[in-house]
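Take a look at the structure below.
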Ligand code: SF4
């Protein structure tokens, strides 16, 4: 099965949830949030096509990570592939915790594949990004987005995830730099 990706961070980051985390950004989003946080992830076009088994094996082999964060783009636009990926990873690394960002509201994630993803997810952060509600804290772009703790594994981090200071990590490869993390409200910089 294929997953259409904007990018991955396979060495891990600490800017998108507790501990060192493998990050997957899926390509393509049906929403149109003004001042979108990841505009390059919005076009629904073929980008980096990854085989879900190979991607799962790369995650499974990484013994330094404590969790996975999946963002976008919109991960649930490729729910079948994301479910397949998580199923394979969880079979081999059940202790990895899973955080997923979505522009959908949780109550609308009703398909079998979406439900399968939710059954393997520890924290779901849902809802559209609203620039006016970007208060600069916590692991969410704006305060309308809800944190659903679907298991108790990340509950010890609840306050930090809701109100903690955000981190931005800059990675530099081959003279190219990337910023990883939740950006601040551009209007208050
Ligand atoms: S859901 Fe995320 S990627 Fe999609 S338009 Fe909104 S901010 Fe951008």
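The values are calculated or read from the model by the stated rules, or taken from the named source; none is laboratory data. Note that the structure is a prediction, hence the values are computed from the model and not measured. Note: ideal-geometry Cβ built from the backbone for every residue, glycine included; neighbour counts use all protein chains shown.
Of the set (1) over 25 Å from residue 148 (Cβ atoms); (2) in contact (Cβ under 8 Å) with a residue 24 or more places away in the chain; (3) within 16 Å of the ligand (Cβ to nearest atom), all apply to residue 35 but (1). In the stretch 80-115, which residue that is away from the ligand (no atom under 16 Å from the Cβ) and outside any helix (DSSP H, G or I) is surrounded by the most Cβ atoms within 10 Å (Cβ to Cβ)? Step by step, filter the stretch 80-115, then rank; the result is 98.
Scanning the stretch 38-69 for residues that are part of a loop (DSSP other than H, G, I, E, B), in contact with a strand residue (DSSP E or B) (Cβ under 8 Å, 6 or more places away or on another chain) and within 16 Å of the ligand (Cβ to nearest atom) gives 38, 47. Counting only strands (runs of 3 or more DSSP E) that fall entirely inside the stretch 122-189 and contain at least 2 residues that are at pLDDT 95 or above and either under 17 Å from the mean Cα position of the chain (by Cα) or surrounded by 12 or more Cβ atoms within 10 Å (Cβ to Cβ) (or both), the qualifying elements are 123-126, 146-149.
In this structure, is residue 143 under 26 Å from residue 31 (Cα atoms) and without any contact (Cβ under 8 Å) to a residue 24 or more places away in the chain? Explain how you work it out, then say what you get.
Details: under 26 Å from residue 31 (Cα atoms): yes; without any contact (Cβ under 8 Å) to a residue 24 or more places away in the chain: yes.
The answer is yes for residue 143.
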